[in-house]
1. Restricting everything to alpha-carbon atoms, can you work out Rg to Rh for segment A:1-113 with a Kirkwood hydrodynamic radius?
2. Could you order the peptides A:104-113, A:13-22 from most to least packed, using the average number of other C-beta atoms within 10 Å per residue?
3. In debye to the nearest 20, how big a dipole does chain B give about its Cα centre with +1 on each Lys and Arg Cβ and -1 on each Asp and Glu Cβ?
4. A:Gln3 to B:Arg58: FRET efficiency via 1/(1 + (r/R0)^6), r the Cβ-Cβ distance, R0 22 Å, to the nearest 0.05?
5. Once the other residues with Cβ under 14 Å from the Cβ of A:Thr112 are scored (Lys, Arg +1; Asp, Glu -1), what is the net sum?
6. Set the Förster radius R0 to 41 Å, insert the Cβ-Cβ distance between A:Val114 and B:Gln110 as r into 1/(1 + (r/R0)^6), and round the FRET efficiency to 0.05.
7. Excluding B:Asn12 itself, what net charge comes from residues whose Cβ is under 14 Å from its Cβ, given Lys and Arg +1 and Asp and Glu -1?
8. In a solvent-free Debye calculation with one equal scatterer on each Cα, what is log10 I(q)/I(0) for chain B at q = 0.13, 0.23 Å⁻¹, listed in the order of the q values?
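All of the numbers you see were taken from the coordinates with simple rules; none came from a lab. Just so it is clear, the structure is predicted and the values come from calculations on it, not from any experiment. Using ideal geometry, Cβ is built from the backbone for each residue, glycine included, and neighbour counts are taken over all protein chains shown.
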Amino acid sequence: EAQVTQNPRYLITVTGKKLTVTCSQNMNHEYMSWYRQDPGLGLRQIYYSMNVEVTDKGDVPEGYKVSRKEKRNFPLILESPSPNQTSLYFCASSLSGRANYGYTFGSGTRLTVV
Amino acid sequence: SQKIEQNSEALNIQEGKTATLTCNYTNYSPAYLQWYRQDPGRGPVFLLLIRENEKEKRKERLKVTFDTTLKQSLFHITASQPADSATYLCAPEGSSNTGKLIFGQGTTLQVKP
């Protein structure tokens, strides 16, 4: 089944403790992206990747890192999480780097930083 | 800056009627516009994509229009069913060639039996 898999689904952590949210797609998509969703603010892009080894900042990249060493994986790293990073996170992938193909989203990771 | 506006108020309709959701964008002209469905706590699901040179696109009970003069897209669900109840997100392409979609905040549709 074609899908984007995120792990974990739920995570509660403490301020400053480094964490990684994994994202993997099995569709050979070139484009991958991370979004966060907050009430009243909608979906905002954190980072995106046009292809392997090519990543760039989205609209809200502060406090996050990403890497794209393999086509299928695009992990999101929070080096020192803070409470304002409490949010619902989504990984998405698409066939190409233009918006002429639909995105496939993962099921989401609900992160709470205390 | 680019701005996407969708009706923030929930849309309540009776089963069997046509639901019409509106998406307005300002300050730019996207080449593509997409619509997604999102259920609470779940990831958005892609529904339809329409290109700037297409006036209308259909898929089963769904229809999307794209008026580049009015800077508006309309999303219609005909013969609506309670299972259509969800939040619908409008997502035009961003102005730079980054593949980025800019998402509206969505309109919640409630279809009553």
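1. Reported Rg/Rh (Cα atoms, Kirkwood Rh): 0.94.
2. For the peptides A:104-113, A:13-22, the packing ranking is A:104-113, A:13-22.
3. About 140 debye.
4. 0.25
5. +3
6. About 0.75, to the nearest 0.05.
7. -1
8. Taken in order of the listed q values, log10 I(q)/I(0) reads -0.45, -1.34.
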